[in-house]
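Chemist: Have a look at this one before I ask anything.
The values are calculated or read from the model by the stated rules, or taken from the named source; none is laboratory data. On a predicted model such as this, the values are computed, not experimentally measured, just so you know. Glycine also receives a Cβ, built like all others from the backbone with ideal geometry; neighbour counts cover every protein chain displayed. Side chains are part of the model used for accessible areas, which takes the heavy atoms of the whole protein and leaves out ligands, DNA and RNA. Shrake-Rupley method; radii C 1.70, N 1.55, O 1.52, S 1.80 Å.
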Amino acid sequence: MAYDQEIHQFLLDHLNAIAKNDLEAYHASTSEDLTLYEWFVTPHRLDGLPFHDFMMSENARLKTVFGAEVEAGGEIESNTRMDLANLNIQRYGDTAIASYTLLVSSGTPQGVKVVAHNESRVIVKLDGAWKVVHVHKSPAYQSPHVPPAD
């Protein structure tokens, strides 16, 4: 499969906007009619940008990032990094699908904690600019209906 530098860089810039709670850059890289599934938030589809606008504004106020591991009642830790494991980009003209496991690592007083989930982002070129139009997240742990290996 051919490596697509243009989509990869767009994806990194988009995720960096989220990590930095940069609403202007997030809006520039996200369609207003965004749809998404975030299994850890709600089992239902979320539509539009207002949900994330609030979340990112609050994260900026608290000096944290979305997905950072913070103990209940503990101090918010801003020493966080994101990594994309098993990134796969499929491009079909002005449409691309990026799928990967997002790893969010946070430095805490107890050591480094990592949370992970699988993501797919559908990216479409609209009026000459790439935009994320759909996101689907799922857990990155063993399915409960599959018994563990011995």
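Chemist: Anything in the range 52-79 that is modelled with pLDDT under 70 and either more than 14 Å from ASP22 (Cβ to Cβ) or touching a Cys at 6+ places or on another chain (Cβ under 6 Å) (or both)? List them, or say none.
Modeler: Result: GLY67, ALA68, GLU69, VAL70, GLU71, ALA72, GLY73, GLY74, GLU75, ILE76, GLU77, SER78.
Chemist: Given (1) open to solvent by less than 50 Å² (accessible area, probe 1.4 Å); (2) at pLDDT below 85; (3) among the polar types (S, T, N, Q), where does GLN142 come up short, assuming only one miss?
Modeler: Answer for GLN142: the failing condition is (1).
Chemist: Taking only pairs six or more apart or across chains, which ones have beta-carbon atoms under 6 Å, a first residue in the range 63-92 that is closer than 13 Å to LEU15 by Cα, and a second residue that is modelled with pLDDT under 55?
Modeler: Nothing qualifies.
Chemist: May I ask you to list pairs of residues, at least six apart or on different chains, whose Cβ atoms are under 7 Å apart, with the first in the range 129-142 being touching a residue at least 12 places away in the same chain (Cβ under 8 Å) and more than 21 Å from GLY48 (Cβ to Cβ) and the second being among the basic types (Lys, Arg) and open to solvent by less than 40 Å² (accessible area, probe 1.4 Å)?
Modeler: Matching pairs, first to second residue: none at all.
Chemist: Can you tell me how many residues in the range 75-107 are buried (at least 16 other Cβ atoms within 10 Å of the Cβ) and more than 17 Å from the chain's Cα centre (by Cα)?
Modeler: 1
Chemist: Which one of these does ASP150 not meet: (1) over 20 Å from ILE18 (Cα atoms); (2) assigned to a strand (DSSP E or B); (3) modelled with pLDDT under 95; (4) not basic (Lys, Arg)?
Modeler: (2)
Chemist: Next question, about the same structure. Of all the residues that make up the range 41-65, how many are more than 12 Å from the chain's Cα centre (by Cα) and in a loop (DSSP other than H, G, I, E, B)?
Modeler: 9
Chemist: Something else about it: Which one is surrounded by the most Cβ atoms within 10 Å (Cβ to Cβ) among residues in the range 108-125 that are within 15 Å of ASN79 (Cβ to Cβ) and touching a residue at least 40 places away in the same chain (Cβ under 8 Å)?
Modeler: Among those residues, the one meeting the criterion is LYS113.
Chemist: Output the residues belonging to the range 1-34 that are acidic (Asp, Glu), assigned to a loop (DSSP other than H, G, I, E, B) and either open to solvent by 40 Å² or more (accessible area, probe 1.4 Å) or at positive phi (or both).
Modeler: Correct list: ASP22 only.
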